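Below is one structure, written out as structure tokens; comments come after it.
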Amino acid sequence: DGGITQSPKYLFRKEGQNVTLSCEQNLNHDAMYWYRQDPGQGLRLIYYSQIVNDFQKGDIAEGYSVSREKKESFPLTVTSAQKNPTAFYLCASTRTSGGPTDTQYFGPGTRLTVL
Amino acid sequence: AQSVTQLDSHVSVSEGTPVLLRCNYSSSYSPSLFWYVQHPNKGLQLLLKYTSAATLVKGINGFEAEFKKSETSFHLTKPSAHMSDAAEYFCVVTIFTGNQFYFGTGTSLTVIP
């Protein structure tokens with residue numbers, strides 16, 4: 001089955017540590033996205049990538065980093081510079097990089113908790 | 001500029017009664033509009049989307065939405081609520097020139113047995 005996988009489902013981090021969240025898709029989609037979800041705030045865009053080896057900052061990129069070395073993979077690193085990283089993180093993808101009928105498809109999410 | 005407003009943060013309905021979740025949008029261009037559903041600790045699942053074809057859009061699980069340009073609205077409805085409909089619902093807008101998706105803050109639907 002085609003889809004988006006995220007791992008791990010739950011992640012615990014100590015203060016001062018960097019952690020990397022995995023996102024893999026086998027949909028052959030060009031664009032991928034990372035969102036952060038906090039209660040009552042909807043989804044906020046962290047980073048997105050339209051093609052391999054290229055990515056752009058979203059609304060809340062500070063304290064995060066990404067890479068896009070392969071079309072199917074878009075890992076997110078939460079660095080120690082992110083002051084309040086406890087949240088639910090969602091990865092998404094779209095078939096193209098901005099077509100008029102593009103639809104985002106989401107992974108199951110990773111819940112990150114800072115201890 | 002694009003934005004989405006979900007007018008109710010919480011909606012409660014009795015099982016078997018109609019559901020109405022309200023969404024208003026603001027867009028400088030012809031938008032595409034989506035409704036997603038999210039169950040606890042899960043990803044978002046697409047319910048339906050509007051992309052300038054028929055203004056009444058039918059989705060999965062008996063949901064539908066009507067695009068009303070004059071009212072800049074895209075309300076989600078279902079004739080009869082089921083217990084499994086209890087979840088968070090998000091209205092999303094995007095425009096053709098980019099791949100920025102603008103999310104509402106969500107509406108939590110409770111279904112009372």
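The values are calculated or read from the model by the stated rules, or taken from the named source; none is laboratory data. Note that this is a predicted model, so its numbers are computed, not measured. Heads up, the Cβs are rebuilt from the backbone with ideal geometry, glycines too, and the neighbour counts pull from every protein chain shown. Accessible surface areas use protein heavy atoms only, side chains included; no ligands, DNA or RNA. Shrake-Rupley method; radii C 1.70, N 1.55, O 1.52, S 1.80 Å.
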* Considering only region A:51-106, how many residues are part of a strand (DSSP E or B) and exposed (fewer than 14 other Cβ atoms within 10 Å of the Cβ)? -> 5
* Qualifying residues in region B:59-81 (those that are outside any strand (DSSP E or B) and over 26 Å from B:Tyr29 (Cβ atoms)) - the one farthest from the other protein chains (Cβ to nearest Cβ) -> B:Ser80
* **Test: B:Thr110 is over 12 Å from the mean Cα position of the chain (by Cα), in contact (Cβ under 8 Å) with a residue 60 or more places away in the chain, more than 11 Å from chain A (Cβ to nearest Cβ) and in a strand (DSSP E or B)** => yes
* Quick check: is even one residue across region A:22-40 away from chain B (no Cβ under 13 Å), part of a strand (DSSP E or B) and open to solvent by 30 Å² or more (accessible area, probe 1.4 Å)? -> yes
* Would you confirm whether any residue within region B:82-91 is surrounded by fewer than 16 Cβ atoms within 10 Å (Cβ to Cβ), assigned to a helix (DSSP H, G or I) and more than 9 Å from chain A (Cβ to nearest Cβ)? => yes
* To do: Output the residues belonging to region B:14-50 that are surrounded by fewer than 19 Cβ atoms within 10 Å (Cβ to Cβ) and of a type in the set (Val, Ile, Thr).
  => B:Thr17
* Does any residue in region B:39-55 that is more than 7 Å from every other protein chain (Cβ to nearest Cβ) and under 30 Å from A:Lys9 (Cβ atoms) come within less than 6 Å, Cβ to Cβ, of a residue that is modelled with pLDDT of 90 or more and assigned to a strand (DSSP E or B) six or more places away or on a different chain, and which pairs are these? -> B:His39/B:Ala87; B:Gln45/B:Val37; B:Leu47/B:Trp35; B:Leu47/B:Val37; B:Leu48/B:Trp35; B:Leu48/B:Val57; B:Leu48/B:Ala65
* Could you grab me the full set of residues in region B:37-58 that are part of a loop (DSSP other than H, G, I, E, B) and among the basic types (Lys, Arg)? => B:Lys42
* Asked: Among the residues of region A:61-91, which ones are within 8 Å of chain B (Cβ to nearest Cβ) and under 18 Å from A:Asn26 (Cα atoms)?
  -> A:Leu90
* Structure fact -> Sole miss for A:Lys9 among (1) over 29 Å from B:Thr51 (Cα atoms); (2) within 12 Å of chain B (Cβ to nearest Cβ); (3) surrounded by 15 or more Cβ atoms within 10 Å (Cβ to Cβ) is condition (3)
* Taking region B:1-24 on its own, how many of its residues are under 18 Å from A:Gly40 (Cα atoms) and part of a strand (DSSP E or B)? -> 10
